[in-house]
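Please read the structure below before turning to the comments.
The values are calculated or read from the model by the stated rules, or taken from the named source; none is laboratory data. It should be emphasised that the depicted structure is a prediction, and the values quoted were computed from it without experimental measurement. We place every Cβ from the backbone using ideal geometry, glycine too, and count neighbours over all the protein chains shown. Please note that ligands, DNA and RNA were not included when accessible areas were found on the heavy atoms of the full protein model with its side chains. Shrake-Rupley method; radii C 1.70, N 1.55, O 1.52, S 1.80 Å.
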Amino acid sequence: MGEVARRIDFAEESSPGGVSEGEPLRVVLRVRPSTDEEKLRGEEEAVSVDSAAGRLRLKCRDRIHHKGSVRERGEAQFQFSTIFGPSSSQRDIFETTTLPLVEKLFKGKDGLVFAYGATNAGKTYTTQGRGNMRPGLIHHACQKIFDTTSRTGTDSPSNAKLEHEVNISLMEIYNEKCYDLLGDNETKKIVTLRIKEDARGSLFVDGLKKQVVKSVEQVTHALSQGMKLRRVAETDSNERSSRSHAIFTFYLDQFAVHAEGVTELVKSSSLSIVDLAGAERAGRKQGCDREKIRETSHINKSLMNLARCLEVLKENQRRQDGKKHLVPYRQSRLTRLFQPSLETGSAVMIANISPLLRDSDETIHALSCAALACQVHVGTNSLYSWNKENVLSARKTPGENSMTRELARERAKSSQLECEVKRLQLALAKTESRICTMESEVREEAANEMEQALAYMETECARRLQEAAETSERRVEKRIELITKTARKKMLGRARGYVDQAASTKYREWLDEEIDQRKFEEQLHQEERIELLDRIEELEIVLKDCKCVKDLSAVIDEAST
């Protein structure tokens with residue numbers, strides 16, 4: 001009977017018209033700055049932010065991946081209450097998103113903060129930070145928790161001293177399986193953990209280790225050691241892309257120590273900070289193999305189911321007949337763990353986006369889910385419509401003794417449950433029929449969209465092929481012209497070299513011939529000179545002989561006279 005009474009209280013707290021009065025799921029948008037490497041590569045940015053007006057405009061990379069006004073205009077527009085630009089600090093993000101949940105943690109209320117977005121959007125940087133100079137949400141939350149616990153006080157009703165105990169846990173969801181990252185041995189990734197419910201209906205992860213911490217340094221060390229075991233891989237967008245959802249949880253137990261030495265648990269609450277893996281098309285991954293495609297499939301499946309849960313929660317709030325659809329939390333490990341916070345706690349979504357044009361298609365889809373989350377209220381507990389009058393009448397059933405009243409209560413409860421089962425069966429049949437109708441409509445719509453997309457792709461491919469052919473033709477012509485000029489220059493240079501070489505060879509041959517000729521002439525002149533000298537000597541001898549003869553003839557003449 002206690003469970004029925006609890007459900008009646010929820011129904012009484014619900015607002016008229018079937019719309020629940022829960023807290024709105026707060027959505028904060030954060031735009032990361034471009035890195036130095038991206039600036040050096042000349043990456044084009046596609047984001048235009050007006051933080052004062054809460055307006056964001058984003059150009060799409062390829063219209064074929066979108067529909068409606070986005071395909072027509074070539075850009076998407078979104079409106080958010082809080083937008084942090086590229087120059088925002090980690091402290092600003094913490095004070096806006098996580099600090100209120102830390103304050104509620106000491107009031108006994110659970111909280112959830114999750115970083116959502118496409119890959120390479122800065123989710124891990126937001127939650128974990130980068131070193132001691134730029135700490136993330138986990139470090140700031142840890143510091144705030146220990147600063148508050150260091151100021152111990154007294155519980156006013158009983159004047160008891162308050163003591164606090166802080167535990168942490170770290171797990172990952174990889175391929176729809178839960179793994180403990182703070183386990184005691186290296187086989188922690190082999191042992192998968194299961195999500196269970198206790199006797200009160202509360203969810204817990206069976207076998208997940210909770211580590212007692214007493215300082216910020218212990219938390220930082222445990223976080224760094226656990227994150228070393230998290231699955232990461234290299235993609236086109238990110239060198240260390242997270243391939244699993246990481247869930248870091250603070251558990252705060254508050255004890256009242258009375259003067260008699262009796263210790264009493266006053267409040268127990270938790271705060272989870274989640275770094276979701278980024279959605280990405282399998283075609284954009286480098287070296288796509290079967291394992292990486294499987295990882296991407298599981299990541300996209302869990303994120304799509306999260307969006308589906310948010311859509312059902314929004315529809316349940318709008319229903320006027322009080323009948324609500326069952327939220328598909330159980331279709332994914334991630335949404336199953338998010339269920340307590342989305343139903344009874346406080347939740348904040350940090351939508352991280354990349355400013356680059358190459359990531360704009362995935363960013364638009366992520367922002368569509370964030371825009372849907374802005375319309376959801378968390379803290380709506382009742383999923384079913386219970387008939388309060390029947391239960392109250394069962395409470396007022398007359399009887400002569402307590403057994404009769406108890407029997408009447410049990411009969412009323414049994415009748416109530418039978419009616420509820422029949423209603424659920426009827427609702428299930430209607431839901432299945434509606435699902436079949438929706439499936440046929442979706443298939444027809446998908447076929448039409450696919451036909452339009454194929455026609456658009458055919459036109460676009462023809463246009464791109466024409467442009468590519470023209471571009472290739474121009475490049476070939478330029479190449480031929482360049483090759484012709486280069487060949488002409490080389491041929492002229494070689495011809496000049498050949499001419500110079502031939503001229504040089506001919507000149508050398510002529511010079512050698514001249515030298516040989518001169519040597520020959522000199523040798524000839526030398527021989528003629530020697531011959532002339534010999535003749536001169538012979539003539540001198542002849543002259544001498546003639547003179548002697550002349551002298552002799554003169555003597556003879558003289559003698560004859």
Total charge dipole magnitude, segment 201-283, about the Cα centre, Cβ charges on Lys, Arg, Asp, Glu only, Debye to nearest 20: 220 debye
Which of Ala53, Ser87, Gly493, positive extreme of dipole for the chain (C-beta unit charges): Ala53
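Using a 1.4 Å probe, what is the accessible area per residue for segment 409-561, in Å²?
Using a 1.4 Å probe on heavy atoms only, each residue of segment 409-561 averages 92 Å².
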Fraction of antiparallel bridges per DSSP, the chain only, in percent to nearest 5: 70 percent
Residues of segment 511-553 with amide N under 14 Å of the 7 Å Cα→Cβ point at Ala559: 549-553
Distance between modelled label sites at Thr486 and Cys546, nm, 7 Å Cα→Cβ extension: 8.7 nm
Pair-distance profile P(r), taking every C-alpha pair of segment 507-555, with 10 angstrom steps and integer %: 23, 23, 19, 15, 11, 7, 2
Net charge of Cβ neighbours under 13 Å - reference Ala453; Lys, Arg +1; Asp, Glu -1: -3
Calculated on alpha-carbon atoms, Rg and Dmax of the chain in Å: 47.6, 219
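Of all trypsin sites (Lys or Arg not before Pro) in segment 98-132, which ones are in loop regions per DSSP and have a Cβ with at most 11 other Cβ atoms within 10 Å? Don't jump to the answer; show the numbers that get you there.
On the way: sites: Lys104, Lys107, Lys109, Lys123, Arg130; in loops: Lys107, Lys109.
Within segment 98-132, the qualifying trypsin sites (Lys or Arg not before Pro) (loop, at most 11 other Cβ atoms within 10 Å) are Lys107.
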Lysine-lysine proximity count for segment 200-285, Cα under 29 Å, sequence distance 8 or more or distinct chains: 7
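Subtracting the Cα-Cα distance from 0.36 nm times the residue separation, let me have the gained length for Ala447 to Glu538 in nm, one decimal. If you can, show how the numbers build up before the last one.
Values: separation 91, 0.36 × 91 = 32.76 nm, distance 13.05 nm.
So the chain would gain 19.7 nm between Ala447 and Glu538.
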Local electrostatic count at Ser332 - Lys and Arg +1, Asp and Glu -1, tallied over other residues with Cβ under 11 Å: +4
Equivalent ellipsoid, segment 26-164 (semi-axes from 5 times Cα gyration tensor eigenvalues, Å): 39, 18, 11
Order by protection proxy (mean Cβ within 10 Å, highest first), peptides 440-452, 78-90, 330-342: 330-342, 78-90, 440-452
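Which links in Lys107/Lys144; Lys107/Lys161; Lys67/Lys314 stretch past 18 Å when you go from one Cα to the other?
Values: Lys107/Lys144 14 Å; Lys107/Lys161 16 Å; Lys67/Lys314 22 Å.
Result: Lys67/Lys314 exceed 18 Å.
Leaving ligands, DNA and RNA out of it, report the carbon-plus-sulfur percent of the accessible area of the chain at a 1.4 Å probe.
Numbers: 17710 of 34260 Å².
Roughly 52 percent, rounded to a whole number.
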Counted charge near Glu540, where neighbours are those whose Cβ lies closer than 13 Å (Asp, Glu -1; Lys, Arg +1): -1
Value of Rg to Rh for segment 419-561 (Rh from inverse mean 1/r over Cα pairs, i.e. Kirkwood): 2.05
Label point distance in nm, Glu234-Lys422, each placed 7 Å from Cα along Cα→Cβ: 6.5 nm
Order by protection proxy (mean Cβ within 10 Å, highest first), peptides 413-423, 518-528: 413-423, 518-528
Pairwise label distance in nanometres, Glu264 with Lys177, each label 7 Å out on the Cα-Cβ vector: 4.6 nm
